[in-house]
Amino acid sequence: MARLREIVRAGRTQVKGLLRDQRLISGIGDAYSDEILHAARLSPFKLADSLTDDQVAALHSAIVTVLGEAVAEARALAAERPEPHPRLRMRVHGRTGEACHACGDTIREVSFADSALQYCPTCQTGGRPLADRRLSRLLR
Ligand SMILES: [Zn+2]
């Protein structure tokens, strides 16, 4: 938790980018960073160094919960069948257009870096959809 606060305070980067940065935190990719931000109710574009202590705590607990569940699930699946399994039980990642399990709002997608991310506007961005930077650049 203290270490996470250090990492978060160190860089003026968007929290989604920070979670994906393997130099800072290893092992969290596109899918789980979407899940963690949804669980922490944080906008993926929020600047990491603007997070309050409460938000850092929520982020920390979301990382522990989401990754803990993923590991438990992977173990359970591996015990059943030894082959690799697709990631299951994603709540927002890859679910564009579906209803959010927490609030029922529609899960949206926005471009991020070289790919896209999924999020719930009601849970994460105060109900406002994020502007797609790639699209607005094209329209300008
Ligand atoms: Zn929601």
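None of the figures in this text is laboratory data; all of them are computed from the coordinates on show. Computed from a predicted structure; not experimentally measured. Heads up, the Cβs are rebuilt from the backbone with ideal geometry, glycines too, and the neighbour counts pull from every protein chain shown.
Over region 2-139, consider all pairs of different Cα atoms and compute the Kirkwood hydrodynamic radius from their mean reciprocal separation; express it in Å, one decimal. Could the numbers behind the result be given before it?
Working: mean 1/r = 0.0639 Å⁻¹.
Kirkwood radius, region 2-139: 15.7 Å.
If each residue's Cβ is checked for other Cβ atoms within 10 Å, how do Asp114, Asp105, Asp30 rank with the fewest at the top?
Values: Asp114 6, Asp105 14, Asp30 19.
With the sparsest Cβ surroundings first, the list reads Asp114, Asp105, Asp30.
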Original post:
How high is the FRET efficiency between Thr96 and Ala2 when r is their beta carbon distance and R₀ equals 41 Å, given to the nearest 0.05?
Top reply: 0.70
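How high is the FRET efficiency from Arg23 to Glu73, r the C-beta distance, R0 22 Å, rounded to 0.05?
Working: r = 27 Å, r/R0 = 1.23.
The formula returns an efficiency of 0.20 here.
Answer rounded, prolate or oblate for region 1-68, using the Cα gyration tensor with square roots of eigenvalues a ≥ b ≥ c: rounded when a/c is under 1.5, else prolate when a/b is larger than b/c, else oblate. Mind dumping the intermediate values first?
On the way: a/c = 1.29, a/b = 1.15, b/c = 1.11.
Rounded, because the longest to shortest axis ratio a/c is under 1.5.
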Original post:
What does the highest-first list of 121-133, 8-20 look like by mean Cβ count within 10 Å?
Top reply: 8-20, 121-133
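Let me spell out the model: positive unit charges on the Cβ of Lys and Arg, negative unit charges on the Cβ of Asp and Glu, origin at the Cα centre of the chain. What dipole size does that give, in debye rounded to 20? Mind showing how you got there, number by number?
Numbers: 21 positive and 17 negative charges, 95 e Å.
The calculated dipole for the chain is roughly 460 debye.
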Original post:
Put +1 on the Cβ of every Lys and Arg and -1 on every Asp and Glu Cβ in the chain; which of Ala48, Ala78, Gly29 then has its Cα farthest towards the positive end of the dipole?
Top reply: Ala48
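Do you know the relative contact order of the chain, to the nearest whole percent, from alpha carbon pairs under 8 angstrom that are 6+ apart?
Working: 175 pairs, mean separation 30.0, N = 140.
Computed value for the chain: 21 percent relative contact order.
Using a Förster distance of 41 Å, how high is the FRET efficiency between Glu80 and Asp105, based on the Cβ-Cβ distance and rounded to 0.05?
For R0 = 41 Å, the calculated efficiency reads 0.75.
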